[in-house]
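For reference, the structure discussed in these notes is given below.
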Amino acid sequence: MAGLSDDLRLLADSLVVGVIRLDLELVVRYANPAAHVFAGRPPGTLIGRSLMEAFIDRRIEELAETAGPSGVATGELTLRSAEGLSLVVRARRTADGQVTWLTLEDVSELRRLQRIRSEFVDNLSHELRTPLTNVSLLAETLVRESEAAGEQIPARMRDRINKIEVETGHLVQMVSELLDLARIESGRPMLLLDRVDLGRLAAASVDRLRLFAERQGVQLVVDLPSAGVPPVSGAEERLGQVIINLVHNAVKFSPDGGEVTIRVEDRAPEIVVSVEDRGIGIPRGSQDRVFERFYKVDRARVRGGGTGLGLSIARHVVEGHGGRIWVVSEEGRGSNFSFALPVADPQGTPG
């Protein structure tokens, strides 16, 4: 067949990924067996049909047309004509503009498993949240009462009570992160309706973690510009969660007597928030992966454990606000996690 050697055709015919070759008019000139299966048509019957005739779905045709000026386009859609198959469709235009190639990858099973996992995590987290909240409140009460009792309670027992409270806090944090993961994977969009003062938010977020840091032997320092910073548009609760996740992470990796600095800077047209610790740092080979879901640099080097979700959730929230997040770290000298968000325009939308 013109434009496709026998070897390439044999290779394409053996793939489980659908492969379609379109001419300038978006008429099918080649389609492998997998593409026929996805279209729900007998072998060979796609040849000579327009893309709209082949799939009876305007969205695939629009995707192929989009590849015209840009050269490449990608989308995920569920075919109404193929028993609800979820396909990732990629379109690429050749350099001379005469041919468009489509690949179709079936991700139905992957999406089904993701839904199952998300529902499981959501249900389990909700079931755990109430008893853990009660245990956390009881642990806090025990700590206060042991401190009030003073020498009446042995120092060893007070130390154990404090450890119970700290470990309970870690469990509550893990459940919260699992719930956040379930919300992220549900696909519900974030509503960016608030005008957020990141300086004020950073100070409030740090105050929430100050007691936790003190009990870990870590000092928190907040560095804010005296003139304040312009607001950003976003979801204030979510952005506060980003700062808390970064500070919580920095405290966990800091040595006793260490210091964590939270800094907010106006670097127009962005506001930059950074969290710097003087802890163990991150190996160079792991720095590109620390924002991956469930990734942990070294379980043995962090006190208090964790789910490996905090940084991944932070990245999702920041990118959902049109921002960026990154890390600069040197092993043995500490890490600096930073994120930047665009300043809001006068109408309250990101600039």
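The values are calculated or read from the model by the stated rules, or taken from the named source; none is laboratory data. All values derive from a computational prediction rather than experimental measurement. Positions of Cβ are generated from backbone atoms using ideal geometry, with glycine treated the same way; all protein chains shown enter the neighbour counts. Calculation scope for accessible area: heavy atoms of the full protein, side chains included, ligands and nucleic acids excluded. Shrake-Rupley method; radii C 1.70, N 1.55, O 1.52, S 1.80 Å.
For every other residue with a beta carbon closer than 13 angstrom to the beta carbon of Leu211, add +1 if it is Lys or Arg and -1 if Asp or Glu, then tell me the sum. Net local charge, Leu211 excluded: -1. Sparsely packed loop sites in segment 205-299 (the trypsin sites (Lys or Arg not before Pro) outside DSSP H, G, I, E and B with at most 14 other Cβ atoms within 10 Å) comprise Arg289. The calculated FRET efficiency for the pair Asn134 and Glu214, based on their C-beta separation and a Förster distance of 22 Å, comes to about 0.35.
Pairwise Cα separations in segment 29-172 fall into 5 Å bins from 0 onward with the following percentages, short to long: 2, 9, 12, 13, 10, 7, 5, 5, 5, 5, 6, 6, 6, 5, 4, 2, 1, 0. Give me log10 I(q)/I(0) at q = 0.11, 0.15, 0.17 Å⁻¹ for segment 157-265, Debye formula, one equal scatterer per alpha-carbon, no solvent. Each listed q corresponds, in turn, to -0.43, -0.75, -0.92.
Our compactness index for the chain, the C-alpha radius of gyration over the empirical 2.2 N^0.38 Å, is 1.30. Listed peptides 308-316, 87-95 appear in the order 308-316, 87-95 once ranked by packing, highest mean of other Cβ atoms within 10 Å at the front. Taking a point 7 Å from the Cα of Arg267 along the Cα-to-Cβ direction, the residues of segment 321-338 with backbone N closer than 17 Å to it are 322-330, 335-338.
Taking the alpha-carbon centroid of each part, what is the distance from segment 201-236 to segment 321-339 in angstrom? Centre-to-centre (Cα) distance: 16 Å. Loop-located GluC sites (Glu not before Pro) in segment 9-107 (DSSP state other than H, G, I, E, B) with a sparse environment of at most 13 neighbouring Cβ atoms within 10 Å: Glu25, Glu83. Solvent-accessible surface of the chain, taken per residue with a 1.4 Å probe and all protein chains present: 53 Å². Measuring spread by the Cα atoms of segment 15-79 yields a radius of gyration and Dmax of 11.2, 33 Å.
Accessible surface comparison of Leu11, Leu85, probe 1.4 Å, protein chains only, largest first: the order is Leu11, Leu85. Summarise the accessible area of the chain (1.4 Å probe, protein heavy atoms) by the percent that is carbon and sulfur. Carbon and sulfur atoms account for 53 percent of the accessible area of the chain.
Split the chain at each of the chymotrypsin sites (Phe, Trp or Tyr not before Pro) in a DSSP loop with at most 16 other beta carbon atoms within 10 Å, and the longest piece is 1-293.
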